[in-house]
Amino acid sequence: MIVTFRCPQCRAELSFNSFSRDSAPCPTCRRRIELHITDAMRHRNVADRCVICESPDVRVRRYFNLWVGVGLFILAAAFAWWLISNQQRHGQAVVVLVVAGLVD
């Protein structure tokens with residue numbers, strides 16, 4: 001898990017993935033930032049609190065491989081085009097594109 005946050009002093013963006021330390025220096029202003037690492041972060045790889053302010057409101061971003069998404073879109077577009085041109089099934093083509101967009 002990679003944790004990204006902003007320095008409270010200079011607002012520079014910092015990222016780290018080592019949960020063994022309890023503080024990290026800001027590379028811009030050199031301020032030492034205290035990190036509130038929980039056991040869930042250290043042992044289960046779960047972001048349950050903010051590492052700066054300890055708020056339970058955290059945003060977890062999941063990464064989907066770009067090339068898998070592009071390939072999925074190309075396959076869905078080709079299948080939708082085939083449905084429209086050969087089968088005259090416009091509604092099903094739209095459903096295919098919507099489902100591919102939701103999966104991506």
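Filter region 27-38 down to the residues that are over 11 Å from residue 51 (Cα atoms) and either under 23 Å from the mean Cα position of the chain (by Cα) or open to solvent by 90 Å² or more (accessible area, probe 1.4 Å) (or both) and list them by number.
Those that are over 11 Å from residue 51 (Cα atoms) and either under 23 Å from the mean Cα position of the chain (by Cα) or open to solvent by 90 Å² or more (accessible area, probe 1.4 Å) (or both): 28, 30, 31, 32.
Condition check: in a helix (DSSP H, G or I) and modelled with pLDDT of 80 or more. Does residue 5 satisfy that?
Numbers: in a helix (DSSP H, G or I): no; modelled with pLDDT of 80 or more: yes.
No.
For region 73-84, which positions are in contact (Cβ under 8 Å) with a residue 12 or more places away in the chain and exposed (fewer than 14 other Cβ atoms within 10 Å of the Cβ)?
First, pick out the residues of region 73-84 that are in contact (Cβ under 8 Å) with a residue 12 or more places away in the chain: 73, 75-77, 79-81, 83.
Residues satisfying the conditions are 75, 81.
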Taking region 45-76 and keeping only residues that are among the acidic types (Asp, Glu), in contact with a Pro (Cβ under 9 Å, 6 or more places away or on another chain) and at pLDDT below 80, one is left with none
Quiz item: If you check residue 45 against the conditions, is it open to solvent by 60 Å² or more (accessible area, probe 1.4 Å) and either touching a residue at least 12 places away in the same chain (Cβ under 8 Å) or under 14 Å from residue 5 (Cβ atoms) (or both)?
Solution: yes
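Rundown of residues vs (1) open to solvent by 60 Å² or more (accessible area, probe 1.4 Å); (2) touching a helix residue (DSSP H, G or I) at 6+ places or on another chain (Cβ under 6 Å); (3) not aliphatic (A, V, I, L, M), yes/no style:
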{"residue": "2", "(1), (2), (3)": "yes, no, no"}
{"residue": "14", "(1), (2), (3)": "no, no, no"}
{"residue": "18", "(1), (2), (3)": "no, no, yes"}
{"residue": "49", "(1), (2), (3)": "yes, no, yes"}
{"residue": "67", "(1), (2), (3)": "yes, no, yes"}
{"residue": "91", "(1), (2), (3)": "no, no, yes"}
{"residue": "97", "(1), (2), (3)": "yes, yes, no"}
- State whether the residues of region 56-72 include one that is in contact (Cβ under 8 Å) with a residue 12 or more places away in the chain and over 20 Å from the mean Cα position of the chain (by Cα). no
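The values are calculated or read from the model by the stated rules, or taken from the named source; none is laboratory data. No experiment lies behind these values; they were computed from the predicted model shown. As a convention, Cβ positions derive from the backbone with ideal geometry for all residues, glycine included, and neighbour counts pool all protein chains shown. Note: accessible area is taken over every heavy atom of the protein model, side chains too, but ligands, DNA and RNA are not part of it. Shrake-Rupley method; radii C 1.70, N 1.55, O 1.52, S 1.80 Å.
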